[in-house]
Structures are given as structure tokens and as C-alpha cells.
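Peer 1: Below is the structure I would like to discuss, written out as C-alpha cells.
The values are calculated or read from the model by the stated rules, or taken from the named source; none is laboratory data. Note that this is a predicted model, so its numbers are computed, not measured. When we count neighbours, we look across all protein chains shown, and the Cβ atoms used for this are built from the backbone with ideal geometry, even at glycine.
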Amino acid sequence: QKEVEQNSGPLSVPEGAIASLNCTYSDRGSQSFFWYRQYSGKSPELIMFIYSNGDKEDGRFTAQLNKASQYVSLLIRDSQPSDSATYLCAARPGTYKYIFGTGTRLKVLA
Amino acid sequence: KAGVTQTPRYLIKTRGQQVTLSCSPISGHRSVSWYQQTPGQGLQFLFEYFSETQRNKGNFPGRFSGRQFSNSRSEMNVSTLELGDSALYLCASSLGGSGFEKLFFGSGTQLSVL
């Protein structure tokens, strides 16, 4: 079992819709969680991080964390074609390393 | 502020050779970590350095090694290259604390082993 699991997709949503990306993790010692966006041929860039149960909003992005269910999600409201990318979920088990999922490829259809 | 710089951008090697990759972190960042990215496995953690000390390492064979210099620049070495080592190698820097650290990635080195 992978430590951080994501559906590889592609997840296709129409422009203007809400995209919902999900991630589960196995290490209950993980304290913080990150969402990175990676465009094709580019390096990952941080979108959001979350460490408390509940929701955290930043513009069109909302990260959700449920530690009891070991579940992290990222919602993208009013999706745009420019949001089309691979989204990587990462957990930090507190030992100076990050565990990444394999990523979910999002396609926003114009 | 300059970002994370990785050199070279591309490398082509043959099986059995060795290779050294370089990473210069963002100024003030003392932690450098290395990741291997392949289409099937995603981003896999290799090792992390802070103040010239390796603090953690992933599950890679001993052929993969690294070091960090006093100016926080880091190098990664792969000896006796295998075809399966073909991948994008990403370096990331951060301040190096134990809190809610954000990683900043370089553009990566694309290694092809023939």
C-alpha cells in the first residue's frame, strides 16, 4: 500500500465547474499536508498547505483535512483551462521528508 | 530572489557510468532534498540534507548518494548507472525547520541512461 494515494485520473471537468481532488494517507503521524501543481514539463509549485482539521480557503482553492479518516482534498472553484495540470498531494510525517502521491491529472474543458 | 537552480538541465549517459547533479538552494534556505520523478512511480524521496548533514533518506540503493556543502549547495551522485535510473531528478529547498515547511523546487535534471 502506497503511503499517499491519489487517483491518477484524468479528471475532466467543464470550465466554471468545481474540481474535487482527493488524497488518502497511511501514516497517522503525518502533521501537515500540501498540494502542489505541476504543469507538463515543469517543476511542482506549492498551491496550499493545511495542518488542522477542517477547511482552509485561498482564493478559488479550498483544502480540506480529516485526520480521523486520513483524508485530504482540494477543491478548485470556477475551474479554468489554465488549471489543467497534475496535482500532487504530499504528507509530512515529521521526519524531515515529504511523501508524495503519484498525482491526479486534471483537465478543464473549455 | 533567485530560485532553486539545478544543473545540468539534461544529461545523457550510458549504463555503468556515474553522474553528478548539482543544486543551489534559495538564499537563506539550509535544507536541500532530492526526489526522483518517473511516470509510473511519481515523486520519490531520495534524501534530505541540512547544514551538511543527511537527516533522512528514502529507500534507494547505495548507488545513490549526496552531500551538502557549507554554502548549502548540494550534489547528488549516482554510480554504476542502470537503465531504470532514467528519470527527472528534482531538488527542493526549504528553510529546514521542523514546522510547516514549504518546498521550493528547481527545474530538475532530466537524466537519460542508454
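Peer 1: For the range B:15-28, does any single residue satisfy the condition of being modelled with pLDDT under 95 and among the charged types (D, E, K, R)?
Peer 2: For the range B:15-28, residues modelled with pLDDT under 95 and among the charged types (D, E, K, R): absent.
Peer 1: Could you grab me the full set of residues in the range A:46-66 that are under 19 Å from A:SER79 (Cβ atoms) and of a type in the set (Phe, Trp, Tyr)?
Peer 2: Of everything in the range A:46-66, just one residue is under 19 Å from A:SER79 (Cβ atoms) and of a type in the set (Phe, Trp, Tyr), namely A:PHE61.
Peer 1: Continuing with this model, one more query. Please find, among A:SER30, A:SER43, A:SER12, the residue that is under 16 Å from A:VAL72 (Cβ atoms) and either surrounded by 21 or more Cβ atoms within 10 Å (Cβ to Cβ) or over 15 Å from the mean Cα position of the chain (by Cα) (or both).
Peer 2: Values: A:SER43 fails: under 16 Å from A:VAL72 (Cβ atoms); A:SER12 fails: under 16 Å from A:VAL72 (Cβ atoms).
The match here is A:SER30.
Peer 1: Something else about it: For the range B:72-92, give me each residue that is among the polar types (S, T, N, Q), within 10 Å of the chain's Cα centre (by Cα) and surrounded by 21 or more Cβ atoms within 10 Å (Cβ to Cβ). Explain how you work it out, then say what you get.
Peer 2: Of the residues in the range B:72-92, the ones among the polar types (S, T, N, Q) are B:72, B:74, B:77, B:79-80, B:86.
So of that shortlist, the ones also within 10 Å of the chain's Cα centre (by Cα) come out as B:74, B:77.
Across the range B:72-92, the qualifying residue is only B:SER74.
Peer 1: Same structure again: In this structure, is A:GLY54 under 10 Å from the mean Cα position of the chain (by Cα) and either modelled with pLDDT of 90 or more or surrounded by 14 or more Cβ atoms within 10 Å (Cβ to Cβ) (or both)? Break it down stepwise before answering.
Peer 2: Details: under 10 Å from the mean Cα position of the chain (by Cα): no; either modelled with pLDDT of 90 or more or surrounded by 14 or more Cβ atoms within 10 Å (Cβ to Cβ) (or both): yes.
So A:GLY54 fails the test.
Peer 1: Find the residue count for the range B:15-43, including only residues that are farther than 12 Å from B:SER74 by Cα, among the polar types (S, T, N, Q) and surrounded by 18 or more Cβ atoms within 10 Å (Cβ to Cβ).
Peer 2: Matching residues across the range B:15-43 total 2.
Peer 1: Could you check, for the range A:75-91, whether at least one of its residues is within 26 Å of B:VAL4 (Cα to Cα), modelled with pLDDT of 95 or more and loosely packed, with under 15 Cβ neighbours inside 10 Å?
Peer 2: Yes, the conditions are met somewhere in the range A:75-91.
Peer 1: Give the range A:76-110 a look and list any residue that's more than 14 Å from every other protein chain (Cβ to nearest Cβ) and not in a strand (DSSP E or B), or say none.
Peer 2: Listed by number, the residues that qualify are A:ARG77, A:ASP78, A:SER79, A:GLN80, A:PRO81, A:SER82, A:ASP83, A:SER84, A:ALA110.
Peer 1: Between a first residue in the range A:46-70 that is without any contact (Cβ under 8 Å) to a residue 12 or more places away in the chain and a second residue that is assigned to a strand (DSSP E or B), which pairs have beta carbons less than 6 Å apart while being 6 or more apart in sequence or on different chains?
Peer 2: Here the result reads A:ASP55/A:THR62; A:ASP55/A:GLN64; A:LYS56/A:ILE50; A:LYS56/A:ALA63; A:ASP58/A:MET48, each pair linking the range A:46-70 to a residue that is assigned to a strand (DSSP E or B).
Peer 1: Which one is nearest to the chain's Cα centre (by Cα), of the residues in the range B:4-14 that are surrounded by 15 or more Cβ atoms within 10 Å (Cβ to Cβ) and more than 14 Å from every other protein chain (Cβ to nearest Cβ)?
Peer 2: Filtering the range B:4-14 down to residues surrounded by 15 or more Cβ atoms within 10 Å (Cβ to Cβ) leaves B:4-6, B:11, B:13.
Next, only the ones that are more than 14 Å from every other protein chain (Cβ to nearest Cβ) stay: B:11, B:13.
On the way: B:LEU11: 14, B:LYS13: 17 Å.
So the residue we want is B:LEU11.
Peer 1: Could you name every one of the strands (runs of 3 or more DSSP E) located completely within the range A:5-58 that has at least 2 residues being more than 21 Å from A:PRO93 (Cβ to Cβ) and either charged (D, E, K, R) or in contact with a Cys (Cβ under 7 Å, 6 or more places away or on another chain) (or both)?
Peer 2: On the way: elements: A:11-14, A:19-25, A:32-38, A:45-50, A:54-58.
So the answer is A:54-58.
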